[in-house]
Every structure is written in structure tokens, then in C-alpha cells.
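Below is one structure, written out as C-alpha cells, with a few remarks after it.
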Amino acid sequence: MVLQRIVKAKTQAGKRYLQRREAKIHENVKSAMLIRGGNTSQTVTQAMKEIHLLKKPYASLFKRKNPLKPFEDQTSIEFFSDRNDASLFLFGSHSKKRPHNLVIGRLFDYHILDMVELGIDKFTSMSDFKVAKCAQGAKPCLVFAGEPFEQDHEYQRIKNLFIDFFRGPVVQKLRLAGLEHVISFTAAEGKIFMRTYRTHLLKSGSRTPRVEVEEMGPSMDFSVRRTKLASDDLFKRATRQPKQAKPKKRKNVSHDPFGTKMGRIHMEKQDMDKLQLRKMKALKRKSKSEEGDTTLSSPKKSKDNENVQGEVSD
């Protein structure tokens, strides 16, 4: 029999630390660890620095080198995740067998969930694009193109991993001027092409501006080398949401593609005979016996006429 150890904080700082680690209905923004391996090339080092700029302030770049092998031993990455409270990681390395290598992955409950190994075939730095860059910490708009992202199960998981890694904080509303950062992923010919753009809102003569994009870097061409994906049961468990976080479904209420709220009303058939009307003689209903009686009674003779007839007879 194994007894679970209950950790109790002795200081206020320790209590705050444990509260941040507690399960929440709405999870915090996921932070990422960028870890350099024992041997890295200039391409890998520069690529990690620029990805760190795109992820700021929800990323930390490790300064020391760590000779790790994520696909063979994951204990070190899980230890770093527990110490830094991070659920995303990017590991860079370089070797003769796997040159310019990047491993991107995520963790669930401080254990490896998904992991993909990518090789950098072509890299263009931000400094090679002599254009203005977007503001630091801007929430990017992610664009995915290519049939593999829709049809291939492996690429679908890679797409989900990219969304988890680059999406930033979850917001309910976003103004149009805030969409200044676009990251595009295109899958074709067994490769993934990553491009980064900055948007420009220009006058169009109407309320909706004309949008133009300008490439600002970094630009990378990836080739998928190795993948380690979670089973369907584990992935379903990791993505399960509590009942409190799900919006309550309202009956007979729906929305059309344009966002218009539509409702359905159920009413019983009305009986017009029981309809309440104003109390007026003209609108007063007659009983069925009165409506069916069509016979007219003979008029009565007045007393004056009888007296006149009697006097004449005398």
C-alpha cells in the first residue's frame, strides 16, 4: 500500500506557489521551454532565438547546453517541466545523422504527450527582411494550408501541436487593428513551410479596410523526421474539459453562419371560440338555443284598441 504525500506550505509564498499549481476550470496561458542540446549549429541557435521572440513573454530560453535525447529518455524534459511549470518545449540539436534538428512537443500532467522531430532544410532570419516588425507579444493569426493537414492523421496532430505552441493567450474579443501578426503553415511534398507576415490595413473606400501582408521573417522549411503521438484515449483525456467550462446549451436557440441569433417558439393551436373579447353588446356571443330559435311570436293587441272596438259595437 502506497500512501500519497500531502504537501503543505509553510510560508505565504509557498501557498501562492501551490495555488498556481492547482487544477483550474480555465487553464493559464501555456508557457514554453526552449532547450539547447549539447551540440547546436548556428542555424538552430538563431532559429530558437527568433522563435523565442515570437513566443515572448510566454517562453524561456535556456542559456546552458543540455545533452538530451528526447526520443530515448524523457525524464530530463519532464523534470524541467515540473521545475519551470511549462507544458510546451522546443529542443534544438545538430549532428551528422540529423543536421539542424528541432524537436517540438507538449506535456500533460508533467509527462510527454506529443513530440515531433523536424529538420530545418532552409532558414531565413528576421534580419534578412528589411521591413518593420510587429509588436512584441502580439497574438498571431495562424493559417494552415494543404491537404495533409485535413486528411492525414499524423499531420492533423502536428497542426494541433502548432496551434497549441503558437496561439498565445485565449481572448474573447479582438479588434481589427490587433491582427498585425500572421503565421502561415503550408504542407506540400512531404514538407512544412513556415512563413511569418506583418499585416497592413489600407484605405478601401468603405468601413472594411484593404489588407496587405508583408513577409518579416523568420522563414523556415521543415521536413518531418520522427513523431511520437499520444494514443487516442490519452489524447481524449488530455483535452477533456470540465462541465463548468462548457457553455450551457439553450433549447430551441441557434445561430446562422452570420452570427444572427434565431429562436423557435412552440405554441398550442388557439381555440377561437374561447378567445376573450371586450364586454360589448355588439360583440357578445349568443347561446346556441337563441341562435336556433327562428320563430317569431305574434304582436299583442294594445288595450286602447280593445276599448275602441267595444264602443263601436254598442
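Per-structure values
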read-out: Residue in segment 112-131 that is touching a residue at least 40 places away in the same chain (Cβ under 8 Å), under 28 Å from His26 (Cα atoms), under 26 Å from the mean Cα position of the chain (by Cα) and surrounded by fewer than 19 Cβ atoms within 10 Å (Cβ to Cβ) present; value: no
read-out: Condition check for Thr227: modelled with pLDDT of 90 or more, surrounded by fewer than 18 Cβ atoms within 10 Å (Cβ to Cβ) and either of a type in the set (S, T, N, Q) or part of a strand (DSSP E or B) (or both); value: yes
read-out: Where a residue in segment 71-88 is touching a residue at least 24 places away in the same chain (Cβ under 8 Å) and within 10 Å of His111 (Cβ to Cβ) and its partner, wherever it lies, is part of a loop (DSSP other than H, G, I, E, B) and of a type in the set (Gly, Ala, Ser), with Cβ under 7 Å and at least six apart; value: Ser81/Ser87
read-out: Criterion violated by Phe193 - all others in (1) in contact with an Asp or Glu (Cβ under 6 Å, 6 or more places away or on another chain); (2) at pLDDT below 95 satisfied; value: (2)
read-out: Cross-chain or 6+ apart pairs with Cβ under 7 Å, segment 246-264 first and assigned to a strand (DSSP E or B) and surrounded by 10 or more Cβ atoms within 10 Å (Cβ to Cβ), then of a type in the set (Lys, Arg) and at pLDDT 85 or above; value: Val253/Lys261
read-out: Extreme residue, farthest from Leu161 (Cα to Cα), among residues of segment 31-85 that are among the aromatic types (Phe, Trp, Tyr) and either surrounded by 13 or more Cβ atoms within 10 Å (Cβ to Cβ) or modelled with pLDDT under 90 (or both); value: Phe62
read-out: Some residue of segment 1-11 being loosely packed, with under 11 Cβ neighbours inside 10 Å and within 28 Å of Phe235 (Cβ to Cβ); value: yes
read-out: Checklist (1) of a type in the set (Gly, Ala, Ser); (2) more than 29 Å from the chain's Cα centre (by Cα); (3) surrounded by fewer than 10 Cβ atoms within 10 Å (Cβ to Cβ) applied to Ala23, failing item; value: (2)
read-out: Matching entry among Gly217, Gly259, Gly263 (being on the phi > 0 side of the Ramachandran plot and at pLDDT 80 or above); value: Gly217
read-out: Selected residue (criterion: nearest to Gly119 (Cα to Cα)) from residues of segment 196-214 that are among the β-branched types (Val, Ile, Thr) and at pLDDT below 90; value: Val211
read-out: Count of residues meeting criterion [of a type in the set (S, T, N, Q) and without any contact (Cβ under 8 Å) to a residue 12 or more places away in the chain] in segment 206-235; value: 3
read-out: One residue from Arg157, Arg195 being surrounded by 13 or more Cβ atoms within 10 Å (Cβ to Cβ) and more than 21 Å from the chain's Cα centre (by Cα); value: Arg195
read-out: Residue list for segment 12-60, restricted to those being part of a strand (DSSP E or B) and either among the basic types (Lys, Arg) or more than 22 Å from Ser219 (Cα to Cα) (or both); value: Arg36
read-out: Lone unmet requirement of (1) in contact with a strand residue (DSSP E or B) (Cβ under 6 Å, 6 or more places away or on another chain); (2) modelled with pLDDT of 95 or more; (3) of a type in the set (A, V, I, L, M, F, W, C) for Leu179; value: (2)
read-out: Out of Glu154, Glu189, Glu150, sole residue that is over 22 Å from Asp114 (Cβ atoms) and charged (D, E, K, R); value: Glu189
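The values are calculated or read from the model by the stated rules, or taken from the named source; none is laboratory data. Note that the structure is a prediction, hence the values are computed from the model and not measured. When we count neighbours, we look across all protein chains shown, and the Cβ atoms used for this are built from the backbone with ideal geometry, even at glycine.
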